[in-house]
Structures are given as structure tokens and as C-alpha cells.
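**Q** Next up is a structure, given as C-alpha cells.
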Amino acid sequence: MRKRRLLTISHSYVVSLNRRLATEFVRAGAERWEVTALAPHHFHGELRSIALETSAEESRLLRAVPAYFTSRPHLFLYGPSLVAALREGWDCVHMWEEPYVAAGAQIAAAMPRQTPLVFATYQNIRKRYPPPFAQLERFVVRRASAWIAGAQTVASALGNSPGYRSRPFSTIPLGVDTARFRVDASMRAEALSRLGWSDRGPPVVGYLGRLVPEKGVLLLMSTLDATQTAWRALVVGGGPLDAVVRSWAARHGDRVRLVPAVRHDEVPLYLNAMDVLTAPSQTSVRWREQLGRMIIEAFACGVAVIGSDSGEVPFTIGDAGVVVGEQDHQAWVESLGSLLEDATLRSTLGAAGRARAIEEFDWRIVGAKTFDFVARAASRDLETAAK
């Protein structure tokens with residue numbers, strides 16, 4: 001019997017760790033499906049330029065195509081070879097691109113009409129996009145057979161919206177590789193050595209992500225300034241607030257370390273150096289936290305997590321960490337202080353987070369759920385697809 005053919009497309013696949021989704025598709029559909037992952041040769045990420053990360057064992061899975069204008073995420077396009085690839089007789093196309101971006105519309109337009117399309121989205125605020133993005137979104141949604149909401153707040157924001165509500169969807173989060181992201185004493189020792197710190201010092205409070213106001217780095221700095229308990233701070237990331245953070249760090253001398261953008265495969269190393277990860281995200285008119293990938297990665301590394309109540313953060317943390325009002329500065333000071341003072345509490349939360357990562361966010365679970373939904377769409381078994 002002929003195997004069915006699934007094409008999964010994403011600019012995120014330029015990073016090898018993100019292709020765990022595609023490899024889980026291969027695992028889930030091994031007996032019945034042939035899976036191909038399409039990725040750009042090169043992509044300009046938020047913090048650095050990324051060349052396609054490849055490995056020999058993926059030679060049958062991965063196909064690379066050119067991509068253009070990648071420094072502009074809303075406007076980037078795949079090269080002409082995408083069109084040829086889309087017309088190779090796929091039984092379903094899975095698109096890990098937002099429906100309102102040019103690349104998403106390009107994929108939808110180039111596909112044969114009879115081929116089912118499933119896209120994933122992480123919009124958790126219903127926005128009115130300016131032309132042409134509103135038109136692109138409507139076109140992709142009309143073309144799609146089904147869609148995946150990347151978080152509970154995404155499902156709430158879009159589930160009853162025109163176009164979206166008439167198509168089956170499933171709420172499935174991003175995943176984490178719990179084998180690579182793990183509790184590892186040797187990684188902690190290496191990271192602390194790189195940072196010039198001893199393991200005998202005060203607890204390390206960590207921040208991982210873009211240095212922008214909406215990610216709450218200003219709240220973190222003011223919280224640490226007001227915290228009486230001894231601490232060290234590790235900030236991993238870069239962005240528009242880089243100079244502000246560097247000025248703040250200089251005032252604290254040896255207590256603070258700044259690490260600019262790192263490769264994704266180095267993130268577990270620095271997470272293991274942290275005793276507490278902070279996710280102090282701040283909601284704005286145009287943005288609220290969509291998942292907090294750093295939260296599930298910290299969970300997998302057994303790091304205690306404290307986060308704000310912005311967007312998806314409370315749903316991601318669940319009962320495995322501490323959630324604080326995003327505007328409640330005093331509560332942040334008190335809650336972080338309690339974590340710094342209580343090693344047992346940090347250990348308890350770290351274990352709970354690790355368990356949550358394995359049970360809820362491991363790529364094997366996320367990949368299997370996603371594949372099952374996509375396979376249902378390919379079979380046009382849409383009415384029975386669980387939401």
C-alpha cells in the first residue's frame with residue numbers, strides 16, 4: 001500500500017532543535033506516512049543570522065529552499081522552488097507560519113486546491129491588521145482545512161472569529177526536548193565557570209529572552225533592586241534595552257552577568273546555571289505573552305519559575321511555579337524574595353516543573369498530538385477532530 005505524503009513547512013526549521021516536531025511526525029506516522037520538512041537555507045532571526053543547521057541522519061527528512069527578505073518576518077518569502085515542491089502530490093501540507101504573513105499566503109496560493117492545508121497560529125489578541133496583512137490572513141483561513149491554536153489564549157481569541165470558527169481546530173502548545181533540556185550538574189558547573197562564578201554564591205536569578213519592555217526586563221531590574229535577600233543575576237539575550245540593562249548591571253558589579261544572544265543548543269547550559277527563572281512579561285495594547293518558551297525549557301531543566309499573569313504565562317506555569325500580577329511590584333519583590341530565601345521551595349518547584357515538562361510539553365507528546373490532528377485533516381475527518 002502506498003504511503004501517504006506529508007509536507008511540513010516552517011522557517012523555524014532552520015534551527016535543528018525546532019525540527020523535533022517534524023521528526024515526531026516521522027515517528028508517529030512511520031508505517032503509513034512519508035514526511036518531508038521544508039526549511040530555508042538561511043534566516044535572519046530576532047537576535048542573529050542563522051544558517052540552516054543540518055545533520056546526516058535527517059538527509060531523507062529535510063529539504064532546503066531559498067528564502068528572501070528574512071529580516072522582515074511579515075514580508076519574507078520562500079524562493080520559486082517552493083512552488084515546485086508544493087505540487088509534488090502531497091496528501092496534506094502542514095504550515096508552521098502565521099496566516100497573516102506573506103510566506104503563509106504564498107504557501108496557500110501555490111498549493112493545489114484539493115490538497116488539505118493545516119496551519120498553526122500563536123495570535124492571542126484579535127487584531128485588525130492593515131492592508132495587505134488582513135487580506136492575506138482571510139485568504140489563508142479560507143484556504144485552510146483546519147488550524148492549530150498554539151495556546152489556550154489563542155483559542156480564546158480566535159475560536160469565535162470569522163473564518164476561524166467555521167474550521168476545526170485543536171489547541172496544541174510548542175514542545176521541548178526533555179532529553180537535551182534536563183537537570184545536569186556538569187552543565188551547571190561549566191556555565192558557572194564561563195561566568196566566573198562559584199557554585200557557593202547566592203542563588204542565581206535568570207532572565208532569558210529579548211531585552212524589550214514587553215518582556216518585563218525593567219520590572220525584573222527594579223524588583224532585584226528592592227530585594228533584600230542576596231542574589232546574583234544572569235541575563236541571557238539582547239535587544240533595544242541592551243544599553244539600559246548594561247548600565248544597570250554595571251552598578252551591581254560582580255553580581256550580574258550579561259550573555260548576548262546564544263545558539264539554541266547552548267540554552268540548556270545557561271538555564272542550568274539559574275536557580276530561578278523569571279518571566280515578568282508585561283501586557284500591552286498590541287501584545288501579551290503567547291507561551292513563554294523559556295518557561296517550558298526552564299521546567300525541563302528543573303529550574304524554579306516565577307512569572308507574571310500576562311497572556312498564556314499562568315496557563316503554561318499551572319501549579320508548577322509562582323504566578324504574580326504583572327503590575328504588582330511589591331508582590332514581585334516578596335515572591336522573589338521568598339524563593340531566594342527557601343532552597344527547599346526552589347527544589348520542590350523545580351521537580352514539579354520537570355514533571356510538567358515531561359507530561360505536558362515533551363516533543364513526543366506535542367508531536368503525536370499535532371500529527372494526529374493533521375492526519376485527521378488529511379483524511380477529511382474534520383468533524384471528529386478534538387478541540
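The values are calculated or read from the model by the stated rules, or taken from the named source; none is laboratory data. A quick note: this is a predicted structure, and the numbers were derived from the prediction, not measured. Cβ coordinates were reconstructed from backbone atoms using ideal geometry, including for glycine residues, and neighbour counts include every protein chain displayed.
**Q** Taking helices (runs of 4 or more DSSP H) that do not extend beyond segment 312-387, which have at least 1 residues that are in contact with a strand residue (DSSP E or B) (Cβ under 6 Å, 6 or more places away or on another chain) and of a type in the set (S, T, Y)?
**A** 329-341
**Q** For the structure I just gave you, tell me whether T70 is farther than 30 Å from T283 by Cβ and in a loop (DSSP other than H, G, I, E, B).
**A** So T70 fails the test.
**Q** Moving to a separate point now. Tell me, yes or no, whether segment 299-310 has at least one residue that is assigned to a helix (DSSP H, G or I) and either in the same structural domain as R232 (by TED's automatic domain parsing) or touching a Lys or Arg at 6+ places or on another chain (Cβ under 6 Å) (or both).
**A** yes
**Q** Could you list, ordered by first residue, the pairs with Cβ atoms under 8 Å in which the first is in segment 208-226 and outside the structural domain of S335 (by TED's automatic domain parsing) and at pLDDT 95 or above and the second is crowded, with 17+ Cβ neighbours inside 10 Å and among the small types (G, A, S), at least 6 apart or interchain?
**A** none
**Q** Looking at segment 44-54 only, could you name the residues that are touching a helix residue (DSSP H, G or I) at 6+ places or on another chain (Cβ under 9 Å) and part of a loop (DSSP other than H, G, I, E, B)?
**A** Listed by number, the residues that qualify are G45, L52, E53, T54.
**Q** Any chance segment 123-145 includes a residue that's under 24 Å from the mean Cα position of the chain (by Cα) and closer than 20 Å to E24 by Cα?
**A** Within segment 123-145 (the criterion being under 24 Å from the mean Cα position of the chain (by Cα) and closer than 20 Å to E24 by Cα), the answer is no, since none of the residues qualifies.
**Q** From (1) out of contact with any Pro (no Cβ under 9 Å at 6 or more places or on another chain); (2) closer than 21 Å to R288 by Cα, pick out the condition that doesn't hold for L192.
**A** Unmet condition: (2).
**Q** Also, I was wondering about something else. Name the helices (runs of 4 or more DSSP H) wholly within segment 73-162 that hold at least 3 residues that are more than 17 Å from R63 (Cβ to Cβ) and in contact with a helix residue (DSSP H, G or I) (Cβ under 9 Å, 6 or more places away or on another chain)?
**A** 102-110, 133-143, 152-158
**Q** Return the total of residues in segment 1-25 being among the aliphatic types (A, V, I, L, M), crowded, with 21+ Cβ neighbours inside 10 Å and either over 13 Å from the mean Cα position of the chain (by Cα) or not assigned by TED's automatic domain parsing to the domain that holds V65 (or both).
**A** 5
**Q** So how many residues does segment 1-43 have that are assigned to a helix (DSSP H, G or I) and either of a type outside the set (D, E, K, R) or under 23 Å from F76 (Cβ atoms) (or both)?
**A** Residues meeting the conditions: 15.
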